[in-house]
1. For region C:141-270, report the convex hull volume of the alpha-carbon atoms normalised per residue, in Å³, without decimals.
2. How large are Rg and Dmax for the protein assembly as shown when calculated on the C-alpha trace, in angstrom?
3. Given a 1.4 Å probe and heavy atoms of the protein chains only, how would you sort A:THR108, A:THR13, largest accessible area at the top?
4. From the label point of C:LYS15, set 7 Å from Cα along Cα→Cβ, how far away are the matching label points in the other copies, in nm, ordered shortest to longest?
5. What residues have an amide H closer than 5 Å to that of C:ARG266, excluding those fewer than 5 places away on the same chain, when H is modeled at 1.01 Å from N in the peptide plane?
6. Only Cα pairs under 8 Å and at least 6 apart count here; give the relative contact order of chain C as a rounded whole percent.
7. For B:GLN159 and B:ASP135, calculate 0.36 nm times their separation in residues minus their Cα-Cα distance, and state this gained length in nm to one decimal.
8. Please list, in chain and number order, the residues 5+ apart from C:VAL180 or on another chain whose amide H is under 5 Å from its amide H, with Hs placed from the backbone.
Amino acid sequence: MEILQKISDSLLTLKEKKPLVHHITNYVTVNDCANITLAIGASPVMADDIGEVAEMVSFASALVLNIGTLNSRNIESMMAVGKKAREKGIAIVFDPVGVGATALRTATAKKIIQEVGPSVIRGNMSEIKIIAGLDAGIKGVDSVADEAGGETVARQLSQKLGCVIAITGKQDIIAAGERVCRIDNGHAILSQVTGTGCMATSLIACYCGATGDCFTGAAAGVMTMGMAGEIAQQSLQAGEGVGTFRMRLFDAVWAMTPELITKGGRISNA
Amino acid sequence: MEILQKISDSLLTLKEKKPLVHHITNYVTVNDCANITLAIGASPVMADDIGEVAEMVSFASALVLNIGTLNSRNIESMMAVGKKAREKGIAIVFDPVGVGATALRTATAKKIIQEVGPSVIRGNMSEIKIIAGLDAGIKGVDSVADEAGGETVARQLSQKLGCVIAITGKQDIIAAGERVCRIDNGHAILSQVTGTGCMATSLIACYCGATGDCFTGAAAGVMTMGMAGEIAQQSLQAGEGVGTFRMRLFDAVWAMTPELITKGGRISNA
Amino acid sequence: MEILQKISDSLLTLKEKKPLVHHITNYVTVNDCANITLAIGASPVMADDIGEVAEMVSFASALVLNIGTLNSRNIESMMAVGKKAREKGIAIVFDPVGVGATALRTATAKKIIQEVGPSVIRGNMSEIKIIAGLDAGIKGVDSVADEAGGETVARQLSQKLGCVIAITGKQDIIAAGERVCRIDNGHAILSQVTGTGCMATSLIACYCGATGDCFTGAAAGVMTMGMAGEIAQQSLQAGEGVGTFRMRLFDAVWAMTPELITKGGRISNA
């Protein structure tokens, strides 16, 4: 079965199973992550205290670890919940927000990758290159890295770490071992709203939690966000901008159907 | 005076008094809680450090305690601020988010109920049944409990704890001792947006802070949220979904009037 | 060059330079602050752990310190990051949210002013009067102070502290030493949405980070917010309220141009 059909089918499965997705995430975009999880048809739970995270994740189908506003308290919780999720075989989606910007972020990302072992890592080109040990800058949490050669970076990193790599940017790249594909959905205005990366990560977790297939799940999450961005952008009328766009992203994810994906999804082997 | 008239009058009082409502709440929906408090005409303040909570609540007319993202730091603050509010006779509205999902949530809810003594507890059917010691499951923070027999659960729990119980769901139930009423406002789409429960709790606190009448206040808060949900849902046009709905909830609460409540409120004795 | 022209030019510079603005801010309005920073054309980064703040701010062009939800952890981080920013000559914009409401807020504001030395302080009339040591009340985080005589308060405080003072309210006042101006943009509905003050502070930081001119930057940030409020309010149609208004604020800031400022800005010497 071709990948676009698999993505389309995944959405059906997601809507039937309504997976519970446990997040330990940043306080900047946490509300957006909860709402996008609900919009696609899954169920979000946010809990980050060391006293409850291992218990909470036991009932979840997927786990999101996002270091956007990391601190000593939530790092400890991420390590504990990550190990529990791993033990239980729950899909773990890691968003290394701003890795490379500070030594703490770089060390924490390394620790999560080595000791937890995520199923999927989703980041922008700077973040993924930095994780791959390549020479790349980062501006706060925004990518400034050259997107050329992203497929090779993604493929090699995926093979090295044994997990799915998803790079989002002008063009999105998904790699799992030898398999690499490109997704051409999306719109530049997505980068002018905070949280669109974090929300893509949450959507990936929703799909992975529903199907257990993390390559398809990563592609499905990234494609859903990209298509929603296109639909929201196309709806804008005179006088409307990023505020309206942001609201319509949720409308578009909520209205996403397998048919829309089959028709509008643009994915190809790299 | 019948209850619907009392609710309608409460809104007038709220808009005149603009009560200050102190929240210790979760970081997922805190912005929504602040905005809904402003939208109805009250004044929100969010402060959770142990070094200032007792002083801050002294100027408030109502207190919200919401354990959506509880941790050792905010639990300590909730206990301290709760006791101070109790001492000062300030209405305390407790939202036991996700009680039953983890031992920490269950223990914290128990502690707040026993040592603080809330004026109102608002939860979904799972949360209220779990507090009542009944056998009920919960999926993260979402209810999976059977709604049948809710009036009896609410009445008995209210009598046992000596506080108002508000259950929100397909049908909403408010109980204070022997008095029980049902509210039939609302729409299923409310459950597809995060924070609508938390916002109902905040609205209850706004009303209780304005009038001191916690039975009417609980009914008024729940009804306001339900009616706003109906108005927002009815306004949706082709292509609009949960994003637009969420925005219009704030429009509808902001535009709520005593006349609208008298006309659109659906409340009956159980 | 007159001030309105300077403000207009600042927006061009901001859009060219896309300054990185590091925030340590409250969890109530942090998402709004990130989105308004992106909407005007700058780049936000939120990081508050003591283990990374000094490193993160080293790459930033401006720093926001906002005590809306202060606690022992973020106070420590604010002191450390503030000193680093001062050492590096980075513009520091301080928002003393709710100063005067509790002893902790008052002590923290004093400590930040004395030990960090902000470039700009933006607050409402209550907050600025309290910092000036005048007799003024505050209701949670909302101003209840008389706005008469604000120019004198601002001028004297600016001279005493050696920083720019920005008071926002019915009329906005910007003072730097002997220079004082009034801004007459804005609309009362801005006070019915949480975070409009915090967002004005973020916008000030974006302008100061781009140009290094903190008097013009403070005026530009306040004027941009005020004009966006006017544009958003004028766009409202029947049935639309604070929810729609809030969304359109972001649309309006995103669409702001030097020409709109030149045409719509209302600023005069006090």
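The values are calculated or read from the model by the stated rules, or taken from the named source; none is laboratory data. Because the structure is predicted, anything quoted here is derived from the model rather than measured. Don't worry about glycine lacking a Cβ; one is built from the backbone with ideal geometry, like all the others, and counts go over all protein chains shown. These accessible areas exclude ligands, DNA and RNA; they are computed on the full protein's heavy atoms, side chains included. Shrake-Rupley method; radii C 1.70, N 1.55, O 1.52, S 1.80 Å.
1. Spelled out: Cα convex hull of region C:141-270, divided by residues, is 112 Å³.
2. 25.2, 74
3. A:THR13, A:THR108
4. Sorted ascending, the copy-to-copy spacings read 4.1, 4.1 nm.
5. Result for C:ARG266 returns C:ASP184, C:ASN185.
6. It comes to 21 percent, rounded to a whole number.
7. Answer, rounded to one decimal: 6.7 nm.
8. C:ALA270
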